[in-house]
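The values are calculated or read from the model by the stated rules, or taken from the named source; none is laboratory data. Please read all numbers here as calculations on a predicted model, not as lab measurements. All Cβ positions, glycine included, derive from the backbone under ideal geometry; neighbour counts span all protein chains shown.
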Amino acid sequence: MQEKRIHPRVHVELDVIYAVKGGGAEVSGHASDVSMGGMFIQSDHSPAFGTELSIRARIGGTEVVLPAIVRWTRSGGFGVQFGLLGAKETHLIVGLFKS
């Protein structure tokens, strides 16, 4: 199978809290890999494909809110693509690759 990912990924151990954009209930999850394009979130609850989320995480000691959209789901988790990230969020994610 041909790899379709554009961005390299890094293994991480991040606790995250996500909610449907616009006011859904907050749900806890765990990010196990991240790229500049998105992340995989391990969770017992998987939002439907195309759902817009707001993801809160602590990266490098700084809490960030990441806009994202669900791009795929499977048992035990789902993958998201990030929306438009600010300079701070981009800098912190890039820093994960230097650790």
Legend entry - Answer from Thr62, Thr73 - the residue that is out of contact with any strand residue (DSSP E or B) (no Cβ under 6 Å at 6 or more places or on another chain), loosely packed, with under 13 Cβ neighbours inside 10 Å and at pLDDT 90 or above: Thr62
Inset, instruction - Return a yes/no flag: does segment 39-51 have any residue that is closer than 20 Å to Phe97 by Cβ and of a type in the set (A, V, I, L, M). - result: yes
Inset, instruction - Identify, from the list Ser28, Ser35, the residue that is of a type in the set (Ser, Thr, Tyr), surrounded by 17 or more Cβ atoms within 10 Å (Cβ to Cβ) and in contact (Cβ under 8 Å) with a residue 12 or more places away in the chain. - result: Ser35
Inset, instruction - Select, from Glu89, Glu63, Glu26, the only residue that is charged (D, E, K, R) and within 12 Å of the chain's Cα centre (by Cα). - result: Glu89
Inset, instruction - Answer yes if at least one residue in segment 52-67 is among the small types (Gly, Ala, Ser), touching a residue at least 24 places away in the same chain (Cβ under 8 Å) and closer than 18 Å to Ala87 by Cβ, and no otherwise. - result: yes
